[in-house]
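Below you'll find the structure, written out as structure tokens, and then a few comments.
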Amino acid sequence: MADFEYKKDKYKKMAEQNKREWRDGRIIFKIVKKEIDKWNPYGLLPDCPNDEFDGESKSIAMHIDRNSTADKIAKTISEEFTLSFGDSDMFSLKSCVSVAENIRDSMDYFIKNKRIKK
């Protein structure tokens, strides 16, 4: 019985930690940053500093949550990058769908596996 209580307590602590990580946005930011950097609009990376898109990634991460749809994420990306770079054609909703789907997939992967997708 003590073993069961120990496992139950350990599980509760892990669940709480997971909730805290999602709540404060660290995980979402890491996922967004990874996918935005991989997307690399304008081909600035790796020649520019690796924090080149961190401002946009932070803003996107602040406007989405673990339940956001790929469509909402794409809209957020489009709005943020259009605001930052003033290029509404390059950052149309349609052009942001694939990176948004990657972000959504990475969030789903994290939910299932408790780690960020490589």
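The values are calculated or read from the model by the stated rules, or taken from the named source; none is laboratory data. Bear in mind the structure is a predicted one, so any value in this text is a computation, not a measurement. Cβ sites come from the backbone with ideal geometry, for glycine too, and all protein chains shown count toward neighbours.
Just one of the listed residues (25, 43, 86) is at positive phi and at pLDDT 90 or above, and it is 86.
Summed over the stretch 37-65, the residues that are loosely packed, with under 13 Cβ neighbours inside 10 Å and more than 13 Å from residue 100 (Cα to Cα) give a count of 10. Look at the stretch 76-90: where a residue is without any contact (Cβ under 8 Å) to a residue 40 or more places away in the chain and a partner is surrounded by 13 or more Cβ atoms within 10 Å (Cβ to Cβ) and of a type in the set (A, V, I, L, M), sitting 6+ places away or on another chain with Cβ atoms under 6 Å, you get 76/60; 76/64; 78/93; 80/60. Look at residue 103 and say whether it is buried (at least 19 other Cβ atoms within 10 Å of the Cβ), touching a Cys at 6+ places or on another chain (Cβ under 7 Å), part of a helix (DSSP H, G or I) and of a type in the set (A, V, I, L, M). So residue 103 fails the test.
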